[in-house]
Amino acid sequence: MNLPTLKQLRYFLALTEELHFGRAAALSFVSQSAFSTAIKELETLLGTTLVERSNRQISITESGHTVAKRARECLRAAEQLVESAHQKDEPLTGELRLGAIPTIAPFLLPQSLPRIRRTYPRLMLYLAEDQTARLHMRLLDHQLDLILIALPFELPGTEVMPLFRDRFLLACHEDTQRVNPANYRFRQIEAGSIILLEDGHCLRNHALDACKLRGTEKINRFAASSLLTLVEMIDADLGISYLPEMAASSSLLRNTRVRLHPMRDDNYRTIGLAWRKGSSRESEFRLLGELLNKSGMQKH
């Protein structure tokens with residue numbers, strides 16, 4: 001009897017989440033043509049239509065939803081098999097797929113990765129960068145082993161290891177008249193002066209909560225699509241914002257006139273590591289978390 005491959009099952013689960021061949025192929029790190037071929041081969045092998053295709057969109061058939069449920073069970077079983085075998089080896093060896101959000105990865109990982117490689121030279125660490133909600137889905141679908149995110153964030157089906165606090169700093173042009181950094185008073189900020197990231201970025205929600213910004217007319221309706229864009233807007237003195245402390249010593253602010261200033265100690269987000277609940281590799285993940293925590297504490 002011919003059986004589906006784990007790769008085919010992973011591809012199909014990615015497609016059920018994205019409902020788009022191009023995006024699902026990109027998340028699976030494969031060309032769209034190879035991805036489409038794998039899905040077609042899976043349908044042929046199972047003798048059923050999993051996906052209904054049209055010019056503008058695709059949908060998962062009833063049979064497809066049933067197969068997706070069974071596919072997740074198969075992948076979990078395969079993962080548990082590998083994990084049980086790894087338990088006899090030294091910790092953190094072989095492949096490990098780590099997802100991280102864009103407001104952590106470029107700041108924490110460059111400092112952490114050399115330490116991780118020295119401590120666990122047999123570890124092959126693959127990295128993926130995405131927004132928190134998408135990383136969470138990829139984790140539950142077994143595309144990732146663990147994710148590096150900022151808290152608070154609802155992450156059902158996971159175990160979370162809080163690492164360290166990352167304070168928010170006031171970010172403004174060095175000559176701005178919009179705020180007095182030495183005597184910061186929120187009530188003195190003019191309407192529309194605060195620029196944040198677009199909806200979907202957890203840093204926006206964390207800044208709104210930690211810096212007590214919700215429901216205020218002081219937030220500009222125009223939002224930045226990325227941290228780089230946000231910094232460019234601050235550098236042009238189009239507004240002020242709040243950036244995580246871990247960005248202070250990064251290249252993000254190099255060759256700009258953006259300056260960061262401390263605020264109250266209760267303005268912070270928590271950096272955390274998350275993995276699927278019940279994973280037999282939890283002890284290994286906590287070892288990795290300890291290394292990430294050391295790097296994070298050094299930056300603070």
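The numbers here are math on the coordinates, done by the rules we state, and not lab data. No experiment lies behind these values; they were computed from the predicted model shown. All Cβ positions, glycine included, derive from the backbone under ideal geometry; neighbour counts span all protein chains shown.
Nearest 20 debye, what's the magnitude of the dipole of the stretch 6-85 about its Cα centre given +1 on Lys and Arg Cβ and -1 on Asp and Glu Cβ? Numbers along the way, then the final one.
Numbers: 10 positive and 9 negative charges, 24 e Å.
That gives the stretch 6-85 a dipole magnitude of about 120 debye.
On a 0 to 90 degree scale, rounded to 10, what angle separates helix 6-18 from the longest Cα axis of the chain?
Compared with the principal axis, the helix lies near 50 degrees.
In percent, what relative contact order does the stretch 6-85 have, based on Cα pairs under 8 Å that are 6 or more apart in sequence?
Numbers: 67 pairs, mean separation 23.6, N = 80.
Normalised by residue count, the contact order of the stretch 6-85 is 30 percent.
Could you name the aspartates and glutamates whose alpha carbon sits less than 17 Å from that of residue 294, not counting residues in the same chain fewer than 8 places away?
Cα-Cα hits under 17 Å: 166, 245, 284.
Using alpha-carbon positions, what is the distance between the centroids of the stretch 225-274 and the stretch 8-80, in Å?
The distance from the Cα centre of the stretch 225-274 to that of the stretch 8-80 comes to 39 Å.
Step through the residues of the stretch 45-53 one at a time and calculate ³J(HN,Hα) from phi using the Karplus curve (6.51 cos²θ - 1.76 cosθ + 1.60, θ = phi - 60°), rounding each to whole Hz and writing x for Gly and Pro.
So the Karplus estimates, Gly and Pro as x, are 5, 7, x, 8, 8, 9, 10, 9, 9 Hz.
List the residues whose amide H sits under 5 Å from the amide H of residue 97, counting only those 5 or more places along or on another chain, with H placed 1.01 Å from N in the peptide plane.
Amide H to amide H, under 5 Å and 5 or more residues apart or across chains, residue 97 pairs with 126, 145, 146.
Of 218, 69, 277, which has the largest mean-square fluctuation in a 10 Å C-alpha GNM of the chain?
Evaluated over the chain, the most mobile residue of the options is 69.
Looking only at 271, 149, 60, which one moves most when the chain is put into a Gaussian network model with springs between Cα atoms under 10 Å?
60
Using only Cα atoms, figure out Rg for the chain and give it as a multiple of 2.2 N^0.38 Å. Don't jump to the answer; show the numbers that get you there.
On the way: Rg = 22.1 Å, N = 300, 2.2 N^0.38 = 19.2 Å.
Expressed relative to 2.2 N^0.38 Å, the Cα Rg reads 1.15.
Residue by residue through the stretch 73-78, which ³J(HN,Hα) values in whole Hz follow from phi under the Karplus form 6.51 cos²θ - 1.76 cosθ + 1.60 (θ = phi - 60°), with glycine and proline marked x?
5, 5, 5, 4, 5, 5
Which of the chymotrypsin sites (Phe, Trp or Tyr not before Pro) across the stretch 1-83 are loop residues per DSSP, with 13 or fewer other Cβ within 10 Å? Kindly include the intermediate steps, with their values, before the conclusion.
Working: sites: 11, 12, 21, 29, 35; in loops: 29.
Here the sparse-neighbourhood loop sites are 29.
In units of 2.2 N^0.38 Å, what is the alpha-carbon radius of gyration of the stretch 162-300?
Details: Rg = 16.6 Å, N = 139, 2.2 N^0.38 = 14.3 Å.
Ratio of Rg to 2.2 N^0.38 Å for the stretch 162-300: 1.16.
Could you tell me, in Å, what Rg and Dmax come out for the Cα atoms of the stretch 6-85?
For the stretch 6-85, the Cα-based Rg and Dmax read 12.7, 45 Å.
Please name whichever of 14, 128, 288 sits farthest to the positive end of the charge dipole of the chain, dipole taken about the Cα centre and charges placed at Cβ: Lys and Arg +1, Asp and Glu -1.
Going by the charge dipole, the pick is 288.
Need one number for the stretch 215-266: average projected area of the convex hull over its C-alpha atoms, nm².
Numbers: hull surface 17.9 nm².
Seen from a random direction, the Cα hull of the stretch 215-266 projects 4.5 nm² on average.
If you average 1/r across every pair of different Cα atoms in the stretch 26-166 and take the reciprocal, what Kirkwood value do you get, in Å? Could you put the intermediate results ahead of the total?
Details: mean 1/r = 0.0564 Å⁻¹.
Evaluated on the stretch 26-166, it is 17.7 Å.
When the dipole is taken about the Cα centre of the chain, and only Lys, Arg (+1) and Asp, Glu (-1) are charged at their Cβ, what size is it in debye, to the nearest 20?
On the way: 39 positive and 35 negative charges, 71 e Å.
So the dipole magnitude of the chain works out to roughly 340 debye.
Amide H neighbours of residue 129 under 5 Å, counting only residues 5+ apart in sequence or on other chains, H built in-plane at 1.01 Å?
100
Loop only by DSSP, 13 or fewer other Cβ within 10 Å of the Cβ. Give me the trypsin sites (Lys or Arg not before Pro) in the stretch 106-191 that pass, ordered by residue number. Before the final figure, lay out the partial values.
Numbers: sites: 115, 117, 118, 122, 134, 138, 165, 167, 178, 185, 187; in loops: 122, 178, 185.
Answer in residue order: 122, 185.
Please list, in order along the stretch 215-228, the HN-Hα scalar couplings obtained from phi with the Karplus expression 6.51 cos²θ - 1.76 cosθ + 1.60 (θ = phi - 60°), rounded to whole Hz, x for Gly and Pro.
My calculation for the stretch 215-228 gives x, 10, 7, 6, 7, 5, 5, 7, 10, 8, 8, 7, 4, 4 Hz in order.
Amide H neighbours of residue 268 under 5 Å, counting only residues 5+ apart in sequence or on other chains, H built in-plane at 1.01 Å?
168
With unit charges on the beta carbons (Lys and Arg positive, Asp and Glu negative) and the dipole taken about the Cα centre of the stretch 1-131, which residue among 114, 54, 64 sits farthest to the positive side?
The residue sitting farthest along the positive end of the dipole is 114.
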